[in-house]
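Report on the structure given below.
The values are calculated or read from the model by the stated rules, or taken from the named source; none is laboratory data. Note that the coordinates shown come from a computational prediction; the quantities given were computed from them, not determined experimentally. Note that each Cβ is placed from the backbone with ideal geometry, even for glycine, and that neighbours are counted across all protein chains shown. Just so you know, the surface numbers come from the protein's heavy atoms only, side chains and all, with ligands and any DNA or RNA stripped out. Shrake-Rupley method; radii C 1.70, N 1.55, O 1.52, S 1.80 Å.
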Amino acid sequence: MCETLKESLFDARETPCPLNQEVMKMAENKVDEIKLKYCPNCGESLLKPNSLLNEYWISQDTAYFCWCGECSWRGEIIEIIRVTAPELATS
Amino acid sequence: MLSKEQNEALTQVDSGKPMGELLRRYWHPIAASTEVEKKGTIKKLKILGEDLVLYRDKSNNLGLVADRCAHRGVSLEYAIPEECGLRCQYHGWLYDKTGQCIDQPNEPEDSTFKNRIKISGYEVKELGGLVFAYMGPSPAPELPKWDLFVQENVVRTIGYAVIPCNWVQIMENSLDPTHLEWLHGHYFEHIFEQQGRPQDEWPITKHHLKIGFDEFEYGIIKRRVLEGQTEENEDWAVGHPIVFPNYLRVGDSGAHSFQIRVPIDETHTLHFWYTCFVPAEGVKVPENYPITFYECPIYDENGKFVTDYIDGQDMMAWITQGPIADRSIERLGTSDRGIIMYRQMLKRELKKIENGEDPKCTIRDPQQNEYIELPQEEDKFSEGGLLSGVAIHWNTRYAPNLSEIIEICKGGVISSNV
């Protein structure tokens, strides 16, 4: 769990104001941390401040938008929960 | 969601910080010309985390230097503007517009001490009723002559507010087209209902079917297809741009405007709403018609956000995210891809300056800079002059001469004396 979230949780428990309760609620829903760490192209850390590793959600999928500050590789990686195939043509 | 470290890298604006260095490569508006019109005026400012004073000396030249005298740290807000520069009120040290000390009246006449004294001094220029500063390395690029700053036969107004939050969350709002149908659509209808005002047909609630973002020479073009529209409509076919790194261009056939976000520091932003009202065909705007400058209120007398105008609604949304939005707990979806694209563009352009290149939107060719036309849909939401038609629901409602402007644009006679 990232430091910010830990701090937010701590604050929320100390002070039960509506804003902090909201932070706690968000934290409870948070079951993961940013799982991706390295550039798939050059292997450099994507967590460095000069890179961008932006987690977002496409329906049920967790997606990672990546831009590597070292090699400038840009792409998206989607965590696979269930492997599906496209519907086969019927004609 | 971003890591705490990446959020910091994105939002810090001080000198030496990555984004602070990127922002210093651009000219930023710091005041309206009317604020420093009179010779001898001094205005204290904070821009990109630096305390500064903007002044007009007795030769009518503008200067922008650090707020503190190098001698004993007195604020130069109370200094004496001279023929050429600013003289400290405490012991008379005189600084030229570069911040170089050129006189120390109580030191020996042959002393070279003053040669070793320099405070920060930055280049300033005026354009379109605004004063711009460049705080980066020399040589400064051209001050971009965006169409709105140099366009003829329009009526200009400049609204401003000091917004207590970081500039990036304000910019991200401009990469988020769908907020329009909610914050300025359904929410506005709710406000109308609460106030007992007729809701009529408020066209901004139209549902977004599709949004798109294309990079172009000067930034990112935002596009949308609304219910009842196709890609043939101007909202998609033309769109309107984010001018990199900190302008939004928005408007319609009746009014074109910039929203300009200048970081004061990490948690405050100087915001300008720069509007050009376009008169009806064949109507001539009176020569030298003044550019009015007005404050756009954030809070009402009870300390609550003023939410019954579009820009007040935006400010409420920006400020309530916190002084610096905590992106380590955000939950972005597919409609937020424009925001991610913008974040990446900031990082990419930062890398360019680290490589010794000019970042996006740096203009060095004077010919290219004669008149830079930006794309913008005129038939907005398929409602024609939608935004100019609701000028009383925009920041422009605080312009002291709004009704006169509307009259001028229709070709009417000026009735008041601004």
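In this structure the amide hydrogen of B:Leu374, modeled in the peptide plane, comes within under 5 Å of the amide hydrogens of B:Asp147, none closer than 5 places in sequence on its chain. In the context of the full set of protein chains, residues of region B:147-410 present 39 Å² of accessible surface per residue (probe radius 1.4 Å, heavy atoms only).
If one computes P(r) from the Cα atoms of region B:21-67, what percent of pairs lie at distances over 16 Å? Percentage above 16 Å: 39.
Legend: residues in region B:1-31 shielded by at least 10 square angstrom of accessible surface upon adding the remaining protein chains to the isolated chain (1.4 Å probe, heavy atoms) are B:Met1, B:Leu2, B:Ser3, B:Lys4, B:Glu5, B:Gln6, B:Ala9. With distances taken between every two different alpha-carbon atoms, region B:195-350 has a Kirkwood hydrodynamic radius of 18.6 Å. One Cα centroid belongs to region B:190-246, the other to region A:66-91; the line between them spans 29 Å. For B:Ser15, neighbours were defined as the other residues whose beta-carbon sits under 14 Å from its Cβ, and their charges (Lys and Arg +1, Asp and Glu -1) total -2. B:Gly121 sits among other residues whose Cβ lies under 9 Å from its own Cβ, and their net charge, with Lys and Arg +1 and Asp and Glu -1, is 0.
Residue by residue along A:58-71, Cβ atoms of other protein chains within 10 Å of the local Cβ number 3 on average. Ranked by the mean number of other Cβ atoms within 10 Å of their residues, highest first, the peptides A:38-45, B:14-21 fall in the order B:14-21, A:38-45. For B:Lys352, the lysines whose Cα comes closer than 22 Å to its Cα, not counting residues fewer than 8 places off in the same chain, are A:Lys48, B:Lys17, B:Lys360. For B:Asn395, neighbours were defined as the other residues whose beta-carbon sits under 13 Å from its Cβ, and their charges (Lys and Arg +1, Asp and Glu -1) total -3. Each of B:Ser403, B:Ser120 has its accessible area taken with a 1.4 Å probe; listed largest first, they run B:Ser403, B:Ser120. For the protein assembly as shown, the Cβ-based charge dipole about the Cα centre amounts to some 1120 debye (Lys, Arg positive; Asp, Glu negative; other atoms uncharged).
Look at the dipole of the protein assembly as shown built from charges on Cβ: of B:Thr334, B:Ser120, B:Leu130, the Cα furthest out on the positive end belongs to B:Ser120.
Amide H contacts of B:Val13 (H built 1.01 Å from N, in plane; Pro and chain starts excluded): B:Glu266 sit under 5 Å, all sequence-distant by 5 or more or on other chains.
Sequence-ordered 3J(HN,Hα) estimates for region B:220-227 from the Karplus curve with 6.51, -1.76 and 1.60 and θ = phi - 60° stand at 10, 9, 9, 10, 8, 10, 9, 3 Hz, glycine and proline given as x. Here the scattering of the protein assembly as shown is modelled by Debye summation over its C-alpha atoms, one equal scatterer each and no solvent; at q = 0.06, 0.08 Å⁻¹ the log10 of I(q)/I(0) is -0.33, -0.58. Rounded to whole numbers, the Karplus 3J(HN,Hα) couplings from phi for region B:167-177 are 5, 5, 5, 6, 5, 4, 4, 7, 9, 10, x Hz, using 6.51 cos²θ - 1.76 cosθ + 1.60 with θ = phi - 60°, and x at Gly and Pro.
Peptide A:43-55 has a mean shielding of 6, counted as Cβ atoms of other protein chains within 10 Å of each residue's Cβ. Select from B:Pro105, B:Pro263, B:Pro290 the residue whose mean-square fluctuation is largest in a Gaussian network model of chain B (Cα-Cα springs shorter than 10 Å). Of B:Pro105, B:Pro263, B:Pro290, the Gaussian network model singles out B:Pro105 as fluctuating most.
Amide H contacts of B:Tyr26 (H built 1.01 Å from N, in plane; Pro and chain starts excluded): B:Met135 sit under 5 Å, all sequence-distant by 5 or more or on other chains.
Which value, to two decimals, describes the C-alpha radius of gyration of region B:31-134 once divided by 2.2 N^0.38 Å?
Relative to the 2.2 N^0.38 Å estimate, region B:31-134 comes out at 1.03.
Note on region A:32-79: semi-axes of the ellipsoid equivalent to its C-alpha gyration tensor, largest first and rounded to whole Å, are 19, 10, 8. Ranked from largest to smallest solvent-accessible area, with a 1.4 Å probe on the protein heavy atoms, B:Lys43, B:Lys145, A:Lys35, B:Lys304 come out as B:Lys304, A:Lys35, B:Lys145, B:Lys43. Projected over all directions and averaged, the alpha-carbon convex hull of chain B occupies 23.1 nm².
Residue-wise HN-Hα couplings along region A:61-78, as the Karplus relation 6.51 cos²θ - 1.76 cosθ + 1.60 with θ = phi - 60° gives them from phi, are 8, 8, 10, 10, 8, 10, 9, 8, x, 8, 9, 6, 5, 10, x, 10, 10, 10 Hz; Gly and Pro carry x.
Note on region B:122-182: Cα Rg divided by 2.2 N^0.38 Å, N the number of residues, gives 1.48. The calculated P(r) of region B:145-250, using every Cα pair and 10 Å bins from 0, goes 12, 33, 38, 16, 1 in percent.
Rounded to the nearest 20 debye, the dipole magnitude of chain B is 1100 debye, with +1 charges on Lys and Arg beta carbons, -1 on Asp and Glu beta carbons, and the Cα centre as origin.
In Å² (nearest 100), what accessible area is buried between A and B, both sides summed, heavy protein atoms only, 1.4 Å probe?
2300 Å²
Annotation: Cα Rg of region B:314-386 relative to the compact-globule expectation 2.2 N^0.38 Å equals 1.59.
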